Structures are given as C-alpha cells and as structure tokens.
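Engineer: Here you go, one structure.
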Amino acid sequence: MIVVDNPLAIFSWKLRYVSLLKDFVESEFFVIDGDSLLLMFLDKETQYLNFFYQIECFLQDFTEKGAKYVIAFFKDAEQMYFPYPHFLFLRTALIEHLRHNTSTTVHTEFSSCLSSQWEIFLKKSYPYFIILSDIGLTSLQTDYLSILIAHSLSKKINVVLASGQEYDILRVYGYHVQSVYKHRLFFQKVSYTTLLFVCNNGCGYYPLGALWPLSHPCGSSCLLRVGCGRVHSTVHLLKQLWPEGSDIRRVVCVLACAVGLKIYSNMLENANTSMGAKTEQSGRSKPLSPEAAADLCRMQCLKVTFLLHMPLSQRAQIRIMKSCWTKQVLPLIKMQQLCTHFALTQLSDTNDWKLDLTYLPDLNDDSLLINLAHYYEVKYTEGLEFKKELGKEMENEYQCLWDTVAKLAVKYSFGDAFPIRKTSQLFLEQERTLFRDCEEEIPNIGLISVKSDLVEDYAGDILKDLPVLESNDPAVTSLIKYKEFDELCHWHSGRPLTEEYERVRCNADAKSRDPKERRQIQKLQTFHHFYGSTLEDSTSKLIVLQDDVSGNKSKAETIAEENNRRLKSKEEKKEQEQWKALCIPTEKEIKANLTVGINKLEKFLKTLKSKSVKFSVEMTGLSACLEVWKEHCREQGNKSKDLRKAVQVMRRIHILLEKYQDLLEKRHLQKLIRYLRLLGFENLACSLSDSDEEKQNKYRMRSNYAIEVGPAHFQLQYMDYYLLREERNDPDPRVQHFIPDTWQRELLDAVDNNESAVIVAPTSSGKTYASYYCMEKVLKTSNEGVVVYVAPTKALVNQVVGTIYSRFTKKLPDGLVVCGVFTQDYRNDVMNSQILVTVPQCLEILMLSPRCQKWTKRIQYVIFDEVHCLGGEIGAEVWEHLLVTIRCPFLALSATVSNPGHLTEYVWNFLRSITIGRQLELHCYMYYHFCLFTVLYEERYNDLEKYVCSLKGSDFVIEHCHPCAALTVNHIENYGIPSDLSLSPRESIQLYDTMVKVWQQWPRAQELDPEEFVSFKNKVVIKKADVRKYEQELKKELSKWIVLGQRQKVTVVTGLTLKTVYSFNIIIIIFHLTDVYFILFTLRFNVDSVERAAKNVFLNLLKKQKSEQYPITEREKERLSDELRKVKKMLIKFNPQFERRGYLQQMMALRGIGYHHGSMAMKERQVVEMLFRLGYIKVVTATSTLALGINMPCKSVVFAEDSVFLDALNYRQMSGRAGRRGQDMIGNVFFYDIPLPKVERLIKSNVPQLKGQFPLTVSLILRLMLLAAKGDDKADARAKALSVLKHSLMSFRKERNAEILKIYFMFSLQFLIKEGYLDQEGNPIGFAGLVTHLYYYEPSNFVFVSFLVKGLFHKLCQPIKGSTVFSDDVLEKLVLILANLFGRKYLPACSTKYKCTFCQSKVFLEDLPEDFADAVNEYNTKVEENFAHFLMTTAKLADMEQEYRLPLSKTDFTSKNWHGSELASYLMDNTKSISAISPFACLSGVVDNDLFHGEVVNKAVLRSLGINVTNCPLLYLNKYDNQGRRRPLNAYALDFYKHGSLIALTTDNWYILPFLIWLNSSIVYNMVHKYIFLFLKPSHSRTSG
C-alpha cells in the first residue's frame, strides 16, 4: 500500500513556468488528458453551451498558434463521475462532440495509464508533454491523477499542469515538470500490482444513493444495468418511430424523458411497496408524483423546442434567475442525466441511422428550464394576461416531441402535451427564487478631450465616433493639477542631465581621467583586444579618415604598391625553396601513412601564399596519392578495396582543375587524363581531352586500378563532403583574408549604396562580415557618424565588442572612442562612440529619449543581429519599435526566419507611409533613393550529418540518421519538405538508391540515375551546387509520389534508414568520439547536469589514464607539456576567479574540459570560450547559452539530454555550431538519450514565421507622449511617436486591429490624465518621469507612484526617535512591499500543499499591509473601469458572424427560420446590457457590468476582438487558477534580505533556483539594498518641483 501525503511532492521542486508553444509548434506534438480538460472548466454556474464554448476557445487558441495535439480519455476514469451525473453526461457529450464535429484526434481506447496500449502509444509518438490536472473532484480522483502524473514522468514524458495556464497573442504559458531520473527511480520502487490496485479502487463503481433518497432493493450496479438496458430497447423503438433520423437534441430529449420517467415510476412503485407507511413516519419529504415528473419532462421538451428554434442572439437576452430546484426534483433530473449518458454512449455507435450530431454542445440549458419552470409555476396561474402563446411552429415541435415520449413510454401513460402543467407541485425553492438585477448603471463612457497634435494625427479619425465629456463635467473639473514634468537630473547620479554630461570625455588616453580609473579602462581594453584576437586571426586595422579622394594615386601609394610587389616576389622565392626541401619527405610520408601525410600537406598549403608553389605541391600530392592507390590495389588483388584512398586522388584532381585552371599546361592535362583512365573513369577522361583521336582511342582493356562504381556515384557516395563548393577566385579589395561569395558581395554593395537588407543565411555562413564592413565604412567617412549594433543578449554584445577591438583602431579627437557599450547592467562611452553595441531595450531608451534626438540623427546604420527575436516571447515589440523609429538604413541578420519577405513588406509599407507628405520634415535623413531588399541564402558551407548513438550489448554503436527518415506522408502533405532540410551528397545518393529499390518501375529512375543526370553526366568535377540541384529533384519526386497515389511507397522510403535509440552513459560517447573527432561539444539544458557531465568526463579520464598507460614519445611529451604551459599561462593571466567549484574548473581546463552556462560569471564564460577557440579545451558541456550567435565553432555537437527547451529553434541554432568553415569539411550532430520521435520532429520542423505581438502598453504611450512634448526636435519626436503607434506588425494589413489599437491608445490616455500623469494638452506632469523610468515593471510602476502620492511610504518610513536610522521592522516591511511590487514570481497553487520544512525561508510571500492593499484595490478599480470602457467601445468592431459560432467546430447558432414567440419575448430581459459580452457567456448570466472585474474578462469578452486581460495593467493582490485556488508569490527577495544566505535561498526557494544560482552573497545583498534605496534617495529626484 502506498502512503503519500501529497503525490505531487515527488516532483514539486522541478516545476518551472515556461512558454509551452515554441516557434516551431508544428514540429511538437503533445497530449491533453481529457478529464483534466474537463476539470479545468467544470463549474456549477457555467451553462452547458458556454462550457463547450470555453473548452473550444482553449483548444482553438492552441490550434491558431499552430499546435499539434491529441486528447486522451481513459475508460477507467469514467467511473469516477457516476456520483455526479451532470458531469458524467458532459464528459460523454464532450468526447462525442470532439470526435464528430472537430478535426481533433480523440483517443478513448486506453483503459488506464498502466495499460500496455498506452505505453505503446507513448513509445511510438513520444509527446512533447502531457497536460494534466493535479486536483480532481474527489480525493480519489486526485490520487488517480497523481498516479497518472508519476507514471508519465517515469516514462520520460514531461508534464504540464492544467492549472495556472495563461496566454497572449503568440504564446501559452504554464507550469512544466521535466522528467528526470529520480521520477523513474520512484516509479520503479512501487510495484506494478500496487499501482494497479490503487487505480482499480479509485475507479470502481460508486454507490448511487445520491440519485434516489429512498432505500431500494435494487443496488447501484443493478440500477445502472437497468438504465443501460432500458435505453438500448428505447433506442431500438425510436428508430422505428423516426426511421429517417433526426437532430441529436430531439433524440436525447425524448430518450432521457421516456427512459427517465419509466425508471422513476418503476423505482417509485418499488419504494412504495417496500417502505409503505414508514415514509411518512421517517419525516422525509414526499417524492415527486409520476404526474409531477411528467410535468417536468414536458417542460424539458419545451426547453429543447426553444433550443431548436430560438437563435443564440435571443437566448443571450433571457433573464438571469438565481433559483434552484427542490430536493424532490433533483433525483429525477440526475436520473435523466444518467440516461443521457447511456443514450449518448449507445448512439455513438449507431451507423445505420441518420443522426445529426452537429448540436451536441447544446443538449441542455438549465437557465432556460428554470425560467420556464418559474413561468408555469408562478406567472401562468396569475391570469390570462400572463398566458403567452408559443407560436404555431414551436407548438408543433413541442407536440411532436411529447407525443414521441408518450409512445416510447409504452405501458406508462403520462397524459397529453397540453396543458404543460397538470399538477401544482412546486419545482423551485420559493425563498431562493429571484432575478438578478441587470439595471445596475454602467459608469459614463465619455472621454476627456485631449488637445495634442500627436493624438489628432494618430487617432483623429476615430475621435468623431467616441463620446467626449463637456468641460464642466465633474470628471473634468476634478482632475488633479500637478506641475509640469521636466527632466533635470540623471536617475543614477543626481547630476544635471545635459548633452555635455552624456558625452563626458571617456577616452582612456585623456589626461583628465583619474589615473586609477584610467588603468582599469586600459586593462579592460587589453582584455577586449585579446578576447577579440581569439575570435579572428586578423590584426587590428588602422582606420584612416577619408577626405575627398581624387582618382590619381599619390606618390606614397605608388611606392607602397611597388614595395608590396617586391615583397611578394621575395616571399614566392622563399616558399619555392621551402617546398624543394620538403617535397621528397612529404611524398614519402604520404606513401607511408596517407591520412597523416595528407593532413601535413594541407597544413603546409595553408601557410603558402604563392599560387604557383601551391600548384606544385598539389601535383606532387596527386602523384603520391595515386601511387598509394596503386599499391593498395596490388595488395588487395580481387578483394574489396578501401575507396577512401581513391578519394584522395580524385580530390586532388578536382582541386587542380578548379583552382589552378590557368596554370595547367598540356602535359599536366595529359597526366590528369591518364590518372582518370587508371581509375576506370573513361568517360571523364574523354570529356577532359580536346583531341578527337584520343577520344576515339579508348582503352580496350580495363585498368587493374579501376573503381567498380560509376564516376558520379563514386563522387557522391565516397567523396561526399570533399566535393568543392561554388567559390569565386577573384578577391574583393573591400574584404581581407577571404574571398567573399556573390551574395556577400551584394551585401557589401548594399552598404556602399546606403541600402537596407534583410539577410537570412545559415549559421557560420559569413553573414556578419557585411556588418563589420559597414562599421569600417562609417569609421572612414567621418568622426561623427555612428553605427549601432543590436544584439539580443549581453554575451553576444561582449563578443561583438571584442571583435571590434580586434578589428579596428582609429585615432580620434579627445572625448571620442571607437566602441561603446550599453546594456542594462553596464554602460560605457554610449554617446561619444562611433560604434555602439547594445541590446534592444537599451537602444529603445535612447531612441525614445527626448534628450537624445541630436545623437539619434548621427546614426548612419543600424545592424540587427538575430532579428528572428522579433517573434520572440519577451521584448518582441521592442524590435518593432526600433525598426520604425530609426531614420537610416539597416541590416537585419538571422539564420531562422521563414518569411523574410513579410518583414521586408512591413518595413516598405512603413517607409512609404512616412515619406509621402513628409519630405520637408525628413530632409536630414537618408530616405532618398532608399532601397530595401532580401537576401535569402540557404546553403551551408559545411553539411551537417546526424547520428543516433546506442548501446547494443557491450558494443557502442553510432548509426547514421538520414534526414528523410524523419518525414512522414502526412507531414509532407501538410507542411511540405522543410526548405532547410538539406542532404549531404552521400545522403542524396542513399535516397535515390532507396527509391529505386522500393519502386522498381519508377518512371524517372533512369533520368535521375547519377550517371545520367544532366548536371552530372560526363562531368569531372561535380560541385556541391550540382548536388543541390539533384537533391531538389529527388525531394520534388518524393512529394510527387504522394500525388501519384504511392503513399505506401513513400512511407517505406522514409522508414528504411532511421535506427532505434538505446539508453547509455554520456561518458561512453566522449570516450569513443574523442578518439575520432578533434573537438566534441555536448549540450544539456540544466545547470547541474552540465557541471556534473563535465566533472564525470574529467574523473573518468583520470581513471582511464591510471588504468591504461600508452607508450608516448619524447616529442609527444614535449608537445603536451607545451600546451599545458599555455593553458596555465592563460588561466593566470586573466585569473577568472571561478566562484563555483573554482579549483575543479581549473583542473578540468588543464585536462581540456570545460562547461558553459548562464549561471557562470561573465569572465568565467569568456575564459572558457577563449580556451575553446584556441584549441586548449577540447570538450565543452553547455546549456542553450550558446544558441544565439556565440562564436564557438566545433567539429561535433552532441544533444545529450531531452528538455522542454530543446525545441527546433534551439536545435537549429546549436547544431549550426558544428562544422567550422576553413577547418572542418563536415559537421556532426549526435543525439544521445533522446527518444526517436523527438529526434524526427527536431529534424523536420520548418523555420518559424515572424508574427506581431500586442505592441502597446500604458507606460509606452506615456513615453511617447513625453517624447513628443519634450523632444528637442518636435517634428522628429512626433514622427517617431507616430511611427511606433501606426506601424505595428500586429496591425500590418489588418485595419480592424489598427482601429482597436487606436481605441486602446485613447483609453490609455484617459487613464493617464485621470491619474495625473498627463494634462489635457498631452504634456507630462507630476510623476510621469518616475513611471517611464520604471516602464519595464508595468503595472508595478503605477502602483508604486500611487503609494508615493498617498503618502504611504512617508507614513511607513519614520526613523527611530532621535536618530535618522530606520528600525529593522520598518526596513523589513519596506522590502515586503517592494517584493510584492517588483520581481513577482508566482508559484503553482498546489505548492501550498507541499509538506516541506524550510531551513530559514518562508518561501511564500506575505500579503501587503492593509493600507497598501487598499491602495492597490483602488488602483485596480480605476484600471478595470477604464479597460471595461475600452472593451465596450471596441465591441462595435467585433465580427458578430464569427461570435455566434463555436470557435473550433464552427457550429453556427444563428437560426435562419426564427419567427418569434410571445413566451420567448416574455422570458427575455431587455434591460440586460451585453454589448461587449460573448453571446455564449451571456447564457451563464454574464453582462457588461461583469467586465469591471478583471478575472471575468477572458471568459466573457468578444473573441473576435483578439483582446485579453493581459493587455490590462492590473496588479493582482490574489491570483487564482482554474480551480479557484490561490497562486502564492515567491518570497525570495524578502527571504534573502532577512537571512542573507545564498545556500538557504537556493535550498528553500526551489522554484526560483535557476534564476539565483549565479549570484554570490555580496551581489544579492547589494541588489536588495539597491532595490530599496533606489527609490528613496532624495538626490534621485528628476522633477522640477
């Protein structure tokens, strides 16, 4: 027997709040537990149809975001709902509705999570995660769900809690539990039979005594059998009555009424017989008579008549009654609900009867039934004036339904259809029968007028449609008059804020600098220089300012050119002599050991500059390689030969023909022809020969050294990655050290022409060279021009800064520097540098700052690196703001964007709109002759080959994984073959061979044979570009097979190459691969596992060294000692002061092992990066910190752990590190311990598309108003503000969204004016500066200011009497308040149930003091009122046709044949205001007034508006999940302030551990103190009064 106080405790500490849907959602597949889905929305107050609407909204939200999911209902779980018949039939109806009316896949074949079918399903599909509830209707169901959670985790399936989920336009967020080894261990300790026993006990049949208050000899199971049997026989009879079939609502109604009445009457008879007079003596209330039960059933038939004919728009107006059924009525209603469940179960399998299941979501409406019961019970008996007509059509429908019920009742007689009430027994509790008052007045929606040019320019077109308050209205006259805000002092220094202050002289050579500070800057610059030197081999280039240069060369330039020619000639002679000395030894070494000799030959070639010497080396190498091949053939005789030796011969021939064509003489060509014939490639030899005679004089005898396969096949299969790329031979004077490709030259041309470009190219393709050329151009042009480089992370900022220091040196006037940095943690030389490297948020501060307008006009180019962050989870809108506020050309770089054309069109649209009519205002900018184009380059220089690692017995196996094996027929049909799913030459020929084998009558087999393919036939040098054409043809043909009906053959083709994955230890990979590959790069997603893996490698290598001593030469010892000295020197020189496990890190570095993750200090990470690039560290374990552009190229990448963060975006970014251009011919990607389905989805996923986030916040609008009012250049400031407002990606080509944003803007202004941040002219007043300074923390910034305005902080912060020191209690309460405002981290609701003992921390944050909480409530009330007015105003923009349809199934509820009814009109309440409420939500009694409560908004608002409560700046005092449980805040900040212990903090605050692990005690302590006094120091004031 298992005894667990809370089963969730086994995984509680691993809960993380993450984004569930990544950019590549079509590649991820997850499961939703059907019962958890049901529990999320079960509510006694929710009307039946509205329940289905809420579920469809939830599922449609996933669907619209591109998610792929299935829903699973376990059979055993059904038994838990029998005590709740209403929920039971809801569950059954939901299953049938999703199955028949939507495209959602619903699984009901699994008995429980312990069934073998479920395990097979998990193993085959391997879902991304399973959404599960952690709480059930009963404790037994909660235990059952806990077992399901534990079982999922034990099977390596991650879990997402159903509670606490939130969403916005692009993302869905939830609590995620990562499956780890401890979960599997826990499950192994519990026996299978024990779990089965618990499941069976939890899912057994429940007693149904609640359905029937009287004791009865018929037991629960007997009652269920009777009910099921009665339904079965009644269905058979109904088919005879309605042979043509009918609507599901009619069928379920008559079945439930007929069967329910029969069972009820039968049970009543049995009860009377068995109990007799005891009933009256017991004091129990008398049950309903059969006649009264028939009355209730007649009303239910009438209710269904309304459902069949009355449109949703009319039903939404039905009055809201707060009434409940009497105790006598409830048993019959529950019995009918049980019968409805049985009916739906049996009807789902009816294939021989035409049954319309469209309206399964509308089988019941309790509110309508109660209204009808009240009418016939109270009003109908009061006189003729209350007797309302049904209408002819409704009357006929009702008559038909009741007549059918009467016929189905068989031997029972329940009377005619009319009158509907034949008895006077009460159905409703009289003392609780009342109507909800809907006449509550909604506050006035009128707007306070704003006289501002910006407001008029942006929203003037909608102002005429909005109500405006008169100037004498109380809302206007009561406005608070604050002083106008003016920015006088800098926030972090208290010094006057002027342009001169910002441009303080920061040159390290300036004599005015303090000597100590100058030394620190010089040390920092030295470090940057060295860090940059590890990124590039080139030396720093001195930039000379270019004045007007004439076409004639100066005398100095002529002399310099002549000197260069002499130097080249001298170097060439020296290289020739060097080669003469090495020629014979090299030839001997190649013959002795081909691999070693060729490696040395190629290393020597890289040191040469003379083309003629290189040519001589290649010719010698060719001869030596051929001799090796000939010798090998003689040795092998008739045995199979190692064709890798022939590859080296053919490779040298390729290089000579392609790179040294101009140096090849006739004798050289004759030699190449002879060698080709020796290899057996007669057709290639003939194509190379110019002589017709020689072409005809073919060898009659086959060479003894001939290769057994055709030349094209040989080149693709065996030469593979050695095939030459399309490279230009003509250098470009604009680029040193390498010859740029054509697309790179186009980028350089764009920079020369001051044009913009969106560049999408694979990682390591060389797209950043244009960025540095752009910098060089601006540096040469003037001393005033500025280039801004925008990088998404601080790590990438540091890397770019190092590269700039390494590349550029320029003598500038005092006070100016080449490079400046601006991040949220560090800023240096921001306003006085020519190249500013920053993150998006910091550049946005500068672009929207009124004081920086002069500086922004100096910007000549902006470079956006990793621009796909425009569609990211956090800060995506900031990238949009930057794109539309810059007034210069830009370069946007990314490796993972599938719709760059959309981005280009978006920017073009913005440019056209601001240039038309604004030429005069923009005369100082660079928009004339402006050009924007897209560069889409899909070719990686090095191919990536994927491998799956496994352990078979005692053998470690690495198996090749063909990319096409990841494809399925359905994926090709729905998404196509991904554009970046590229094949290596070897993989292309493997695909062709498999296709030929599968379809032997394939019509195009001959045409696509490598030897006959048009790009290969008789071609000596097959290049990668030729292979890419072949690959595209094969992919097109594979897709065409599906069109031709060969789906099965495609399935066979894609299934032939992928292998099975087995678990094993990561150490085995490293032991096996380090012998083969020079560098290995392993990737994990958890800090602890990253460090543990590196440590295990280190310890195992030490162990291996002791057990296996290899013979080593003195020369090798000397080389290793030299390398060790260099590593030690590096570690001493930069002294990174490893804070965590410092000694171990240094020892591992000396062993060539390191780790890299975001919790390390910046200096530590940089040292690891430098040692890795220099080749001293060979193996690095890392998290996804290397995903965004960090330059750490390697030979191999190993994905060594599955995680929610291992999505296709991270996979692409990190696998792109494999294969170093210029060092490796190919990159290798290994998958370790990752299930096969996950590997397939990673490989085949498409590149994400850029989508727009909701772009506006109240704080942003205030910042824009401040910019327009206080900017030095008013016209420029207004133009920038308008650009941000008008040109969002969300509203691009969507006029309705644009109008919604305008209305949101107007109501945000109303809030700002009423709260005293703006006056009626749009000028900032009061604390506007403080709010905008804290804009990142909205809504906490507004609440914080409200505390200041109310004097709450002044009241709290009273020093100890007689001193200026605050007491500990005051400081602790102050930290409590700030912790409730800033850095809020919510914990899941279930966390409060964990029975954990905390060392020193409370973990759960206490509530705000009462006076502060009252202030928050007052603030929230104002915000809610403003937001509700906004929703009611925007309601007119809703698509009402869409609003009357269920979102997922598209079931339409707009009745076309409604002719009205007196009774229907009487039941409607015309005083209800529901202008902004979804008609489905109206059925549950929601009205416009409910929009003034934020927790209702998401369930009630019109869905087509695309707005939810996340757009409302509410600060929740209490936040609740779907089950109404409170989600506590984490008390990490307050806890650390109180105890100051990092160990206690990371031990107790398990949820926030990943966030705090990198902090040492002093840093955290300083953060907390800075956190407090930042807002209280008097010198920080920025206002003028």
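Engineer: Please state which of the following conditions Val1370 fails to meet, knowing it meets all the rest: (1) farther than 30 Å from Gly1524 by Cα; (2) in a loop (DSSP other than H, G, I, E, B); (3) not hydroxyl-bearing (Ser, Thr, Tyr).
Structural biologist: For Val1370, the exception is condition (2).
Engineer: Scan the helices (runs of 4 or more DSSP H) fully inside region 1244-1337 and keep the ones with 2 or more residues being under 15 Å from Met847 (Cα atoms) and among the basic types (Lys, Arg).
Structural biologist: Details: elements: 1258-1270, 1274-1286, 1295-1314, 1328-1333.
It comes to 1258-1270, 1274-1286.
Engineer: Inside region 1422-1466, can you point out the residues that are open to solvent by 50 Å² or more (accessible area, probe 1.4 Å) and over 30 Å from Thr305 (Cβ atoms)?
Structural biologist: Of everything in region 1422-1466, those that are open to solvent by 50 Å² or more (accessible area, probe 1.4 Å) and over 30 Å from Thr305 (Cβ atoms) turn out to be Lys1422, Glu1425, Lys1436.
Engineer: Let me ask another. Restricting to region 707-723, name every residue that is under 40 Å from the mean Cα position of the chain (by Cα) and either of a type in the set (D, E, K, R) or open to solvent by less than 10 Å² (accessible area, probe 1.4 Å) (or both).
Structural biologist: Leu716, Met719, Asp720, Leu723
Engineer: Further question on the same structure: Report, by residue number, each residue of region 35-71 that is among the charged types (D, E, K, R), open to solvent by 10 Å² or more (accessible area, probe 1.4 Å) and either in contact with a strand residue (DSSP E or B) (Cβ under 8 Å, 6 or more places away or on another chain) or outside any loop (DSSP other than H, G, I, E, B) (or both). Spell out the reasoning first.
Structural biologist: Applying the first criterion (among the charged types (D, E, K, R)) to region 35-71 yields 35, 43-45, 56, 61, 64-65, 68.
The next check asks that each one be open to solvent by 10 Å² or more (accessible area, probe 1.4 Å); those that pass are 43-45, 61, 64-65, 68.
Across region 35-71, the qualifying residues are Asp61, Glu64, Lys65, Lys68.
Engineer: In this structure, does Arg887 turn out to be surrounded by fewer than 22 Cβ atoms within 10 Å (Cβ to Cβ), basic (Lys, Arg), modelled with pLDDT of 75 or more and in a helix (DSSP H, G or I)? Talk me through it step by step, then tell me what you get.
Structural biologist: On the way: surrounded by fewer than 22 Cβ atoms within 10 Å (Cβ to Cβ): yes; basic (Lys, Arg): yes; modelled with pLDDT of 75 or more: yes; in a helix (DSSP H, G or I): no.
For Arg887, the condition - surrounded by fewer than 22 Cβ atoms within 10 Å (Cβ to Cβ), basic (Lys, Arg), modelled with pLDDT of 75 or more and in a helix (DSSP H, G or I) - is not met.
Engineer: State yes or no: is Glu1007 surrounded by fewer than 22 Cβ atoms within 10 Å (Cβ to Cβ), in contact with a helix residue (DSSP H, G or I) (Cβ under 6 Å, 6 or more places away or on another chain) and part of a loop (DSSP other than H, G, I, E, B)?
Structural biologist: Details: surrounded by fewer than 22 Cβ atoms within 10 Å (Cβ to Cβ): yes; in contact with a helix residue (DSSP H, G or I) (Cβ under 6 Å, 6 or more places away or on another chain): no; part of a loop (DSSP other than H, G, I, E, B): yes.
Criteria not met by Glu1007.
Engineer: Further, regarding this structure: For region 865-877, which residues satisfy the criterion of being within 17 Å of Thr763 (Cβ to Cβ) and either free of Cβ contacts under 8 Å to residues at least 60 places away in the same chain or in contact with a strand residue (DSSP E or B) (Cβ under 7 Å, 6 or more places away or on another chain) (or both)?
Structural biologist: Asp865, Glu866, Val867, His868, listed by residue number.
Engineer: I'd like the full set of residues that are modelled with pLDDT of 70 or more, of a type in the set (Lys, Arg), open to solvent by 60 Å² or more (accessible area, probe 1.4 Å) and part of a helix (DSSP H, G or I), limited to region 1130-1170.
Structural biologist: Within region 1130-1170, Lys1163 is the sole residue that qualifies.
Engineer: Something else: Out of the residues in region 324-344 that are crowded, with 18+ Cβ neighbours inside 10 Å and in contact with a Lys or Arg (Cβ under 9 Å, 6 or more places away or on another chain), state the one that is nearest to Leu372 (Cα to Cα).
Structural biologist: Taking the candidates together, the pick is Gln328.
Engineer: If I go through region 129-182 residue by residue, how many of them are over 16 Å from Pro1388 (Cα atoms) and of a type in the set (A, V, I, L, M, F, W, C)?
Structural biologist: Number of matching residues: 13.
Engineer: Still on this structure, please answer the following. Would you check which residues across region 87-103 are over 15 Å from Ser36 (Cβ atoms) and either touching a Leu at 6+ places or on another chain (Cβ under 6 Å) or surrounded by fewer than 20 Cβ atoms within 10 Å (Cβ to Cβ) (or both) and list them? Before you say what the answer is, go through the steps one by one.
Structural biologist: We begin by selecting, within region 87-103, every residue over 15 Å from Ser36 (Cβ atoms); these are 88-89, 92-93, 96-97, 99-103.
If the condition is that a residue be over 15 Å from Ser36 (Cβ atoms) and either touching a Leu at 6+ places or on another chain (Cβ under 6 Å) or surrounded by fewer than 20 Cβ atoms within 10 Å (Cβ to Cβ) (or both), then Thr92, Ala93, Glu96, His97, Arg99, His100, Thr102, Ser103 are the ones that fit.
Engineer: Please indicate, with yes or no, whether at least one residue in region 159-170 is outside any helix (DSSP H, G or I), within 19 Å of the chain's Cα centre (by Cα) and under 18 Å from Glu1201 (Cβ atoms). Spell out the reasoning first.
Structural biologist: First, the residues of region 159-170 that are outside any helix (DSSP H, G or I): 159-170.
Adding the requirement that they be within 19 Å of the chain's Cα centre (by Cα) leaves 159-162, 164-170.
Next, only the ones that are under 18 Å from Glu1201 (Cβ atoms) stay: 159.
Yes - at least one qualifying residue is present in region 159-170.
Engineer: Further question on the same structure: So how many residues does region 937-960 have that are modelled with pLDDT of 80 or more and assigned to a strand (DSSP E or B)?
Structural biologist: 10
Engineer: Let me ask something additional. Go over the candidates Val1258, Val1180, Val1198 one by one and state the one that is crowded, with 24+ Cβ neighbours inside 10 Å and over 25 Å from Ala1093 (Cα atoms).
Structural biologist: On the way: Val1180 fails: over 25 Å from Ala1093 (Cα atoms); Val1198 fails: over 25 Å from Ala1093 (Cα atoms).
Matching residue, one of Val1258, Val1180, Val1198: Val1258.
Engineer: Continuing with this model, one more query. Can you give me the number of residues within region 408-423 that are more than 19 Å from Ala373 (Cβ to Cβ) and under 58 Å from the mean Cα position of the chain (by Cα)?
Structural biologist: Of the residues in region 408-423, the ones more than 19 Å from Ala373 (Cβ to Cβ) are 408-413, 416.
The next check asks that each one be under 58 Å from the mean Cα position of the chain (by Cα); those that pass are 408-409.
Here the count works out to 2.
Engineer: Gly1055 is checked against (1) touching a Gly at 6+ places or on another chain (Cβ under 6 Å); (2) at pLDDT below 90 and fails just one. What number does that condition carry?
Structural biologist: With (1) touching a Gly at 6+ places or on another chain (Cβ under 6 Å); (2) at pLDDT below 90 applied to Gly1055, the lone miss is (1).
Engineer: Could you tell me whether any residue of region 1025-1039 is touching a strand residue (DSSP E or B) at 6+ places or on another chain (Cβ under 7 Å) and buried (at least 18 other Cβ atoms within 10 Å of the Cβ)?
Structural biologist: Looking through region 1025-1039, none of the residues is touching a strand residue (DSSP E or B) at 6+ places or on another chain (Cβ under 7 Å) and buried (at least 18 other Cβ atoms within 10 Å of the Cβ).
Engineer: Please go through region 340-351 and pick out each residue that is touching a residue at least 60 places away in the same chain (Cβ under 8 Å) and either farther than 17 Å from Tyr48 by Cα or of a type in the set (Lys, Arg) (or both). Steps first, please.
Structural biologist: Here is the first cut: in region 340-351, the ones touching a residue at least 60 places away in the same chain (Cβ under 8 Å) are 340-348, 350.
Result: Phe342, Ala343, Thr345, Gln346, Leu347, Ser348, Thr350.
Engineer: With (1) surrounded by fewer than 16 Cβ atoms within 10 Å (Cβ to Cβ); (2) modelled with pLDDT under 75; (3) aliphatic (A, V, I, L, M) as the list, and Val468 as the residue in question, which single condition is left unmet?
Structural biologist: Failed condition: (2).
Engineer: Which pairs turn up if I take residues in region 878-897 that are aromatic (Phe, Trp, Tyr) and look for partners that are assigned to a loop (DSSP other than H, G, I, E, B) and open to solvent by 10 Å² or more (accessible area, probe 1.4 Å) with beta carbon separation below 9 Å, at least 6 apart in sequence or on another chain?
Structural biologist: Matching pairs, first to second residue: Trp879/Pro792; Trp879/Gly872.
Engineer: Which pairs do you get when a residue that is more than 18 Å from Lys1029 (Cα to Cα), found in region 987-1006, comes within reach of a residue that is of a type in the set (D, E, K, R), reach meaning Cβ atoms under 7 angstrom, with the pair 6+ apart or on two chains?
Structural biologist: Final answer for the pair search is Val998/Lys1049; Trp999/Lys1049.
Engineer: Hey, could you check region 75-106 for residues that are free of Cβ contacts under 8 Å to residues at least 40 places away in the same chain and in a loop (DSSP other than H, G, I, E, B) and say which is nearest to the chain's Cα centre (by Cα)?
Structural biologist: Taking the candidates together, the pick is Ser103.
Engineer: Kindly indicate whether Lys1402 is farther than 30 Å from Arg1263 by Cα, basic (Lys, Arg) and not in a loop (DSSP other than H, G, I, E, B).
Structural biologist: So Lys1402 does not fit the description; no.
Engineer: Could I ask something else about it? Does any residue of region 1195-1208 turn out to be farther than 26 Å from Tyr722 by Cα, polar (S, T, N, Q) and in contact (Cβ under 8 Å) with a residue 12 or more places away in the chain?
Structural biologist: Within region 1195-1208, one or more residues are farther than 26 Å from Tyr722 by Cα, polar (S, T, N, Q) and in contact (Cβ under 8 Å) with a residue 12 or more places away in the chain.
Engineer: Kindly indicate whether any position in region 602-616 is closer than 18 Å to Arg644 by Cα and buried (at least 16 other Cβ atoms within 10 Å of the Cβ). Show your work before the answer.
Structural biologist: Keep residues of region 602-616 that are closer than 18 Å to Arg644 by Cα, which gives 602.
Now drop any that are not buried (at least 16 other Cβ atoms within 10 Å of the Cβ), which leaves none.
So far as region 602-616 goes, no, none of its residues is closer than 18 Å to Arg644 by Cα and buried (at least 16 other Cβ atoms within 10 Å of the Cβ).
Engineer: Of all residues in region 788-818, count the ones that are open to solvent by less than 30 Å² (accessible area, probe 1.4 Å) and farther than 30 Å from Gly1219 by Cβ.
Structural biologist: Going through region 788-818 one residue at a time, the tally reaches 7.
Engineer: Given the conditions (1) of a type outside the set (D, E, K, R); (2) in a strand (DSSP E or B); (3) farther than 26 Å from Tyr1336 by Cβ; (4) within 35 Å of the chain's Cα centre (by Cα), which single one is not true for Thr803?
Structural biologist: With respect to (1) of a type outside the set (D, E, K, R); (2) in a strand (DSSP E or B); (3) farther than 26 Å from Tyr1336 by Cβ; (4) within 35 Å of the chain's Cα centre (by Cα), Thr803 is out only on (2).
The values are calculated or read from the model by the stated rules, or taken from the named source; none is laboratory data. Because the structure is a prediction, the values reported are computed rather than measured. Backbone-built Cβ (ideal geometry, glycine too); neighbour counts: all protein chains shown. The accessibility values were calculated without ligands, DNA or RNA, using every heavy atom of the protein model including side chains. Shrake-Rupley method; radii C 1.70, N 1.55, O 1.52, S 1.80 Å.
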